[in-house]
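Taking it in order: structure first as structure tokens, then the write-up.
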Amino acid sequence: MEKPNLSYIKKLSSGDTIFENKIISILKEEFPIECESYENSINSDDFEAAAEMVHKIKHKISILGLEKSYNVAVEHEKNLNNRSKTFASEFDNVLKIITTYLKGV
């Protein structure tokens, strides 16, 4: 499985470490809240709310350089919009990887 990285953030920042730290701080603050909201939605079969959270989270996945995981999120969002949890397990793995990564940065 691919690993999260800060390459995109570093490219955006052009060496501005204050900007980098601000983006990382926002990720660390928002990601756990969005994950919890997603988990609550998926567990209660609120497909619309779950899809909405996946939509928000997939942008963070992209920022962390996870191209394959981003594609999983896109497919999961589509499936949720069709009331299917087909990609839920794969998406959960992505969330765990990012959670672990953000704790270390």
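For this structure, a couple of remarks:
- Filtered residues of the range 57-70 (kept if out of contact with any Cys (no Cβ under 8 Å at 6 or more places or on another chain), surrounded by 14 or more Cβ atoms within 10 Å (Cβ to Cβ) and in a helix (DSSP H, G or I)): K58, K60, I61, S62, I63, S69, Y70
- Residue under evaluation K68, criteria (1) of a type outside the set (V, I, T); (2) under 27 Å from S7 (Cα atoms); (3) free of Cβ contacts under 8 Å to residues at least 24 places away in the same chain, criterion not met: (3)
- Residues of the range 49-70 classified as within 11 Å of the chain's Cα centre (by Cα) and among the small types (G, A, S), total: 3
A quick yes/no check of all residues on (1) of a type outside the set (V, I, T); (2) within 16 Å of I97 (Cβ to Cβ); (3) in contact with a Gly (Cβ under 6 Å, 6 or more places away or on another chain):
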{"position": "N21", "(1), (2), (3)": "yes, no, no"}
{"position": "N40", "(1), (2), (3)": "yes, no, no"}
{"position": "N43", "(1), (2), (3)": "yes, no, no"}
{"position": "I57", "(1), (2), (3)": "no, yes, no"}
{"position": "S62", "(1), (2), (3)": "yes, yes, no"}
{"position": "V72", "(1), (2), (3)": "no, yes, no"}
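- Test for I23: is it among the hydrophobic types (A, V, I, L, M, F, W, C), touching a residue at least 12 places away in the same chain (Cβ under 8 Å) and within 14 Å of K3 (Cα to Cα): no
- Filter pass, K28 being among the charged types (D, E, K, R), surrounded by fewer than 20 Cβ atoms within 10 Å (Cβ to Cβ) and within 9 Å of the chain's Cα centre (by Cα): no
- Residues located in the range 90-105, provided they are among the aliphatic types (A, V, I, L, M) and either closer than 16 Å to N71 by Cβ or at pLDDT 95 or above (or both): V94, L95, I97, I98, L102
The values are calculated or read from the model by the stated rules, or taken from the named source; none is laboratory data. Remember, it's a predicted structure, so these values are computed and weren't measured experimentally. Every residue, glycine as well, gets a Cβ built from its backbone with ideal geometry; the counts of neighbours run over all protein chains shown.
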